[in-house]
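Nothing in this text is a laboratory measurement; each read-out follows from the coordinates by a stated rule. Just so it is clear, the structure is predicted and the values come from calculations on it, not from any experiment. Note that we place each Cβ from the backbone using ideal geometry, even for glycine, and neighbour counts take in every protein chain shown.
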Amino acid sequence: MTAPTAIRRAYRETTPFQEATMSTQPAPAPPHTAIAAYRHPDLADVLLCAEHGKNWEGMIPMTSAEVPFGTFCGWGTDDDMTVCGRALHKKRSGR
């Protein structure tokens, strides 16, 4: 079992999933449009992009300023055949 698979399994055991439902109504505007990523409250290294993290209950929203530099979305399927891997980086500050 790979590390990402083990992380996802542990994540699923600790976090309930909210199934997305189809609707003909326009989607409501998110309460905080500056959300860049979501962090799991118990598994600090698990970050999901805004697209994949919004359906998980209990996730902590993060702004782009809070996201560590050089991180990626950890979402993927159990067999690791489909992985998001979207970069969640912020621009590096000038030194």
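Tabulate in residue order the Karplus-calculated ³J(HN,Hα) for the stretch 34-46, using 6.51 cos²θ - 1.76 cosθ + 1.60 with θ = phi - 60°, rounded to whole Hz; enter x for Gly and Pro.
8, 6, 9, 7, 10, 10, 6, x, 9, 10, 4, 7, 8
List the GluC sites (Glu not before Pro) in the stretch 34-70 that DSSP assigns to loop (not H, G, I, E or B) and whose Cβ has at most 10 other Cβ atoms within 10 Å. Which are they?
Those satisfying the criteria are GLU57.
Taking amide H atoms as placed 1.01 Å from N in the peptide plane, list the residues 5 or more away in sequence, or in a different chain, whose amide H sits under 5 Å from that of PHE72.
Here LEU88 satisfy the definition.
Quick one: 3J(HN,Hα) in Hz for the stretch 68-73, Karplus 6.51/-1.76/1.60 with θ = phi - 60°, rounded, Gly and Pro as x.
Each residue of the stretch 68-73 in turn: x, 5, x, 9, 9, 5 Hz.
From the phi of every residue in the stretch 53-59, what ³J(HN,Hα) in whole Hz does the Karplus formula 6.51 cos²θ - 1.76 cosθ + 1.60 yield, where θ is phi - 60° and glycine or proline is x?
x, 5, 8, 9, 6, x, 5
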